[in-house]
Amino acid sequence: MPSVWRAGAQERCRIRDLSGLQARYLPASASAGLAHHRAEGTGPKEVPCVAGDLVAAGEYWRSRRRFLRQAAQMAGVASMAGMAQGEARARTVGERRFRFLLWNDMHVRDPEAPREYTGYPFANEKAQWAFECAQGRHGIERPDFILAAGDIIDGELADYDLDFAYLKTAIVDRLPVPYLPCVGNHENGQGEGIPQQNVAYDRAFGADRHNYVFTYSGVAFVVVDTSGAHRMPDDVTATRNASVERALSATEGLPVIIVTHVPLIAMREEEPLKASFGFSSWRVLDTRMLDLIEQEADRVIAVLCGHIHLTGVRERKGIYHIMPGGTCGYPSDFASLDVFREHIRVRMHRAPQRWLDRGDDIHGRPRYDHDYTDSEHPGHESYVWGNAQERDFTIPLADEKRPKEYAPCAVSFVPCSAP
């Protein structure tokens, strides 16, 4: 796991994997300088911080840069450009800064769960395929981290801990890269803001993994709990919206990617979508979150989501809304995102044919007596899988949407909790 900066109420911020810093960030020629600084105790210092104090983040980055620069200079490295593949690997137009996978709607089910909770056929097998892809198998390049946009377990059973325990032991704990979760409605029974419905999720990932912010290589990721998307404006959605507002404030000056389980806009034409999905949560019903994000449209790159069980991409006010179908049903896919200085390449990866079954399609037969379409997707296959331009496309990055230079290539958590 890469060096991580963590911050929260009364936590201490530190370089967590100093022993691996040489291999990850410095060329071999700088090892003498690194050893000297370790011996002299002049490496990066621990920085005390409290929630909401972004000064700590700035001090961390400055301390880290000073440390790397001094260690490199002692070994005869002239500048930052000659250092770290992790710190300076993507500083020209053509080089990739980082890569991540977007998982959603896997609906993993504990095989030992009571028989009445059957779940989606082959959901576990398709989740295992995605896990193997994250290892660099099946022609998929290994990512730097995994973003999970909700409903990774099937849930909706008497003991949610069963599914979480299976997910952790079968997949998450075996991943070679960090796993960043976003809670979905199947993980807490639509229990956003209801503590007793989130006990199992919190036990698996932590109570601080509902609404949180992290950065990676100069891009901020704002993760939002929308598991109560069906709620009209109330105290729960007000808390959600306040969290988003704080997160956008805390990441001022950085390009932003939003992560939410439930979409913020209609991901197909509205009337066919409402009919084919059949649930009230076809988008987040309280639109205040969308308003806040669109107020920052000059730096918000994308909204990543799931929930609807179809693959779609829509652009609104310069923000890309990206939704893989998830792996559990039909369609069955996940997304890879390769981030460069001036663009992001997005590709959908389809599960093996042997596990695809039209019986898992919730937008047509056999759930309904007909297959749904819309004017942009005149055939049902394109309605659920997306058109070609929704399955492989490029997001241009310019001005405030470009990743910031010389930012750490590590998952770094930013404090933005309520005062």
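Would you mind stating whether D338 is under 23 Å from E187 (Cβ atoms), assigned by TED's automatic domain parsing to the domain that holds N104 and of a type in the set (D, E, K, R)? Full working, then the answer.
Working: under 23 Å from E187 (Cβ atoms): no; assigned by TED's automatic domain parsing to the domain that holds N104: yes; of a type in the set (D, E, K, R): yes.
The answer is no for D338.
Does region 319-342 include one or more residues that are closer than 29 Å to A238 by Cβ and in a loop (DSSP other than H, G, I, E, B)?
no
Working only within region 178-214, note down all residues that are of a type in the set (S, T, N, Q), outside any loop (DSSP other than H, G, I, E, B) and either more than 30 Å from V339 (Cβ to Cβ) or touching a Leu at 6+ places or on another chain (Cβ under 7 Å) (or both).
Q196, Q197
For the subset of region 156-187 comprising residues that are over 14 Å from F205 (Cα atoms) and in contact with a Gly (Cβ under 7 Å, 6 or more places away or on another chain), which member is surrounded by the fewest Cβ atoms within 10 Å (Cβ to Cβ)?
Going through the qualifying residues, I end up with E156.
Residue check: is S243 surrounded by 15 or more Cβ atoms within 10 Å (Cβ to Cβ), touching a residue at least 12 places away in the same chain (Cβ under 8 Å) and assigned to a helix (DSSP H, G or I)? Break it down stepwise before answering.
Values: surrounded by 15 or more Cβ atoms within 10 Å (Cβ to Cβ): yes; touching a residue at least 12 places away in the same chain (Cβ under 8 Å): yes; assigned to a helix (DSSP H, G or I): yes.
Judged against the criteria, S243 is a match.
Being farther than 26 Å from Q128 by Cα, among the charged types (D, E, K, R) and under 17 Å from the mean Cα position of the chain (by Cα) is the filter here, so list the residues in region 175-217 that pass it.
D208 - this is the single residue of region 175-217 that is farther than 26 Å from Q128 by Cα, among the charged types (D, E, K, R) and under 17 Å from the mean Cα position of the chain (by Cα).
Looking for whichever is touching a residue at least 24 places away in the same chain (Cβ under 8 Å), of a type in the set (K, R) and closer than 21 Å to F131 by Cβ here; the options are R347, R341, R358, R402. Which one fits? Steps first, please.
Numbers: R341 fails: closer than 21 Å to F131 by Cβ; R358 fails: closer than 21 Å to F131 by Cβ; R402 fails: closer than 21 Å to F131 by Cβ.
Within the list R347, R341, R358, R402, the selection yields R347.
If I filter region 218-240 down to residues being in contact with a Leu (Cβ under 9 Å, 6 or more places away or on another chain) and of a type in the set (V, I, T), which single residue comes out as surrounded by the most Cβ atoms within 10 Å (Cβ to Cβ)? So that I can check it myself, show each step before the final result.
Pass one, region 218-240, residues in contact with a Leu (Cβ under 9 Å, 6 or more places away or on another chain): 218-223, 226, 229-233, 237.
Now restrict to residues that are of a type in the set (V, I, T): 219, 222-223, 226, 237.
Details: V219: 24, V222: 26, V223: 26, T226: 32, T237: 22.
Result: T226.
Taking the criterion of being more than 18 Å from G318 (Cβ to Cβ) and more than 22 Å from the chain's Cα centre (by Cα), would at least one residue in region 245-257 satisfy it?
Within region 245-257, none of the residues are more than 18 Å from G318 (Cβ to Cβ) and more than 22 Å from the chain's Cα centre (by Cα).
State all residues of region 368-392 that are crowded, with 18+ Cβ neighbours inside 10 Å and either outside the structural domain of R350 (by TED's automatic domain parsing) or not in a helix (DSSP H, G or I) (or both); if no residue qualifies, say none.
Within region 368-392, Y372, T373, H377, G386 meet the criteria.
Within region 213-221, is even one residue more than 26 Å from I293 (Cα to Cα) and among the hydroxyl-bearing types (S, T, Y)? Please lay out each step first, then the result.
Keep residues of region 213-221 that are more than 26 Å from I293 (Cα to Cα), which gives none.
No, the conditions are met nowhere in region 213-221.
Identify, please: which residue in region 325-367 is among the acidic types (D, E) and surrounded by fewer than 16 Cβ atoms within 10 Å (Cβ to Cβ) and is, among those, nearest to G312 (Cα to Cα)?
Keep residues of region 325-367 that are among the acidic types (D, E), which gives 333, 338, 342, 357, 360-361.
With the extra rule that they be surrounded by fewer than 16 Cβ atoms within 10 Å (Cβ to Cβ), the set shrinks to 342, 357.
On the way: E342: 23, D357: 20 Å.
Only one residue tops the list, namely D357.
Among all residue pairs at least 6 apart or on different chains, which show Cβ distances below 7 Å where the first residue, located in region 193-208, is touching a residue at least 60 places away in the same chain (Cβ under 8 Å) and the second is assigned to a loop (DSSP other than H, G, I, E, B)?
D208/G8
Given (1) among the acidic types (D, E); (2) closer than 24 Å to V177 by Cβ; (3) in contact with a strand residue (DSSP E or B) (Cβ under 7 Å, 6 or more places away or on another chain), identify the lone condition not met by E405.
(3)
The values are calculated or read from the model by the stated rules, or taken from the named source; none is laboratory data. Computed from a prediction, not measured in an experiment: that's the story for all the values here. We place every Cβ from the backbone using ideal geometry, glycine too, and count neighbours over all the protein chains shown.
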